[in-house]
Amino acid sequence: MDPFVTSLALAAAGGAVIGLLLSVFGGGGSVLATPLLIYVVGIEDTHVAIGTSAAAVAVNALIGLATQARAGRVKWPCALVFGGAGLAGSLVGAHLAKLVDGGQLLLWFAAAMGLVGVSMLLPRKSQGDPTVHLDVARTLKLAPLGLIVGLAAGFFGIGGGFLIVPGLMAATGMTLANAAASSLVSVVLFGGATSASYAASGLINWPVFLCLVAGGGIGALAGGPIAQRLASQADIARRAFAIMVLLTAAYVAFRTLT
């Protein structure tokens, strides 16, 4: 089979796996996209892999946001303040990442994956105020947090949901369900800004991007029924997924160093 066709098929299959994982486990799954593009699909340029995955993450998050918005779970004022502040940070982060050597950037990316895995192992509390509203005090907390998280998301080319969700909860006191839904606003903005920066530098593989998105949609549909079946064992399944993320981080670091 033609190598180009093979790489596209692998990208679609990998996108399906990531879409399924995101549907079943929620935030954190998109961090697997860049390692998949490098070690499975065969994209040699680290920056192209990060730019391509960031674009795919933004599209997948936009689809998820539409679903959450229809369900009325998005706290728009809080989400827009957090995401708006982080938008500038994500552009700065993406610019800085393009200046870093690919090997060094992969080591930093492995460290970010480690943080994602650890954060998924921590217990999550769902208590909070479902009627939370934006005020001056919350705005003063949301804006700087958004800026910092956006910087990290732009630098690593990840959605940043594992940072956005606890940030929204800490700054506003909203519930986990509202924070998870509202975080998608930031993921769309950060991913869009990051991928736009990489696209301007010609660092996105568009055929692979399209295959990732198409595969991700199929995986998300397949993940719905699986998520319902695992609902009674959600904590165990989430820990297993976190361990997989940690092992992938260790593999990325090992391959980069050797």
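The values are calculated or read from the model by the stated rules, or taken from the named source; none is laboratory data. This one's a predicted model, so the numbers in the text were calculated from it and none came from an experiment. With ideal geometry, Cβ positions are generated from the backbone for all residues, glycine too; neighbour counts draw on all protein chains shown.
With respect to the conditions (1) under 18 Å from Ala94 (Cα atoms); (2) of a type in the set (A, V, I, L, M); (3) surrounded by fewer than 24 Cβ atoms within 10 Å (Cβ to Cβ), Ala170 falls short on a single one, namely (1).
Please work out if Val132 is under 22 Å from Glu44 (Cα atoms), out of contact with any Pro (no Cβ under 9 Å at 6 or more places or on another chain), at pLDDT 85 or above and not in a helix (DSSP H, G or I). No.
Against the criterion of being buried (at least 22 other Cβ atoms within 10 Å of the Cβ) and within 17 Å of Gly167 (Cβ to Cβ), Phe82 qualifies. Taken over the range 39-85, the residue count meeting the criterion of being of a type in the set (Ser, Thr, Tyr) and within 30 Å of His133 (Cα to Cα) is 1.
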